[in-house]
Amino acid sequence: MSECLICKGKKLDNYKEGIVVVELDSFLQKYASLIWNDSSDVWTIKIAGKDIDFYLTKAQVDIQNGIAYEDTKFYLIMKELLKNDVKIAMWYSEFYEDLPLCKGEIEVLKMCYEGIVDISGMCEVYFKTD
């Protein structure tokens with residue numbers, strides 16, 4: 001299994017960082033309903049044909065190689081989503097329960113960083129804009 005990301009909110013056609021909005025597969029659709037009790041306006045992303053898990057793993061390697069978190073593609077992707085008021089749920093495998101609720105962009109990015117540098121290498125966050 002890998003890192004899962006569900007987004008909720010307005011889908012834009014012009015996200016930066018190469019973000020492409022894609023429909024949820026049945027696995028993620030099931031979790032969208034469980035997390036938000038509503039599966040409307042939910043989606044996920046791909047960047048250059050790759051899922052968020054690829055960029056999270058790459059950020060781990062980049063940070064280990066001395067690259068600042070703020071310079072990783074993962075960070076830039078998350079910043080782009082957050083600045084567009086996208087609600088986010090991110091978790092590993094099927095462990096979606098008890099996601100920590102973040103109260104703002106800074107907290108989301110901090111929680112992601114802590115997950116990336118942790119030995120588990122998992123990022124678990126829940127951010128809603130309302």
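The values are calculated or read from the model by the stated rules, or taken from the named source; none is laboratory data. Keep in mind that this is a model prediction, so the values were computed, not measured. Here the Cβ is made from the backbone with ideal geometry for all residues, glycine too, and neighbour counts use every protein chain on show.
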message: Looking only at residues that are polar (S, T, N, Q) and within 26 Å of Lys10 (Cβ to Cβ) in region 65-110, which one is modelled with the lowest pLDDT?
response: Asn84
field: Test set (1) surrounded by fewer than 18 Cβ atoms within 10 Å (Cβ to Cβ); (2) more than 15 Å from Lys128 (Cβ to Cβ); (3) hydrophobic (A, V, I, L, M, F, W, C); (4) modelled with pLDDT under 95 - Ile19 fails condition number
entry: (1)
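Would you call Leu34 on the phi < 0 side of the Ramachandran plot, out of contact with any helix residue (DSSP H, G or I) (no Cβ under 8 Å at 6 or more places or on another chain) and hydrophobic (A, V, I, L, M, F, W, C)? Step through it out loud before you land on a result.
Working: on the phi < 0 side of the Ramachandran plot: yes; out of contact with any helix residue (DSSP H, G or I) (no Cβ under 8 Å at 6 or more places or on another chain): yes; hydrophobic (A, V, I, L, M, F, W, C): yes.
Criteria met by Leu34.
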query: Just wondering, is there one or more residues in region 28-43 that are assigned to a loop (DSSP other than H, G, I, E, B) and of a type in the set (D, E, K, R)?
result: yes
message: Quick check on Glu105: is it without any contact (Cβ under 8 Å) to a residue 24 or more places away in the chain, surrounded by fewer than 19 Cβ atoms within 10 Å (Cβ to Cβ) and not aliphatic (A, V, I, L, M)?
response: no
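Let's see how each residue does on (1) in contact with a Pro (Cβ under 9 Å, 6 or more places away or on another chain); (2) within 21 Å of Lys110 (Cα to Cα); (3) of a type in the set (Asp, Glu); (4) touching a residue at least 60 places away in the same chain (Cβ under 8 Å):
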{"position": "Ile6", "(1), (2), (3), (4)": "no, yes, no, yes"}
{"position": "Asn14", "(1), (2), (3), (4)": "no, no, no, no"}
{"position": "Ser26", "(1), (2), (3), (4)": "no, no, no, no"}
{"position": "Gln29", "(1), (2), (3), (4)": "no, no, no, no"}
{"position": "Leu34", "(1), (2), (3), (4)": "no, no, no, yes"}
{"position": "Asp38", "(1), (2), (3), (4)": "no, no, yes, no"}
{"position": "Lys46", "(1), (2), (3), (4)": "no, no, no, no"}
{"position": "Tyr69", "(1), (2), (3), (4)": "no, yes, no, no"}
{"position": "Thr72", "(1), (2), (3), (4)": "no, yes, no, no"}
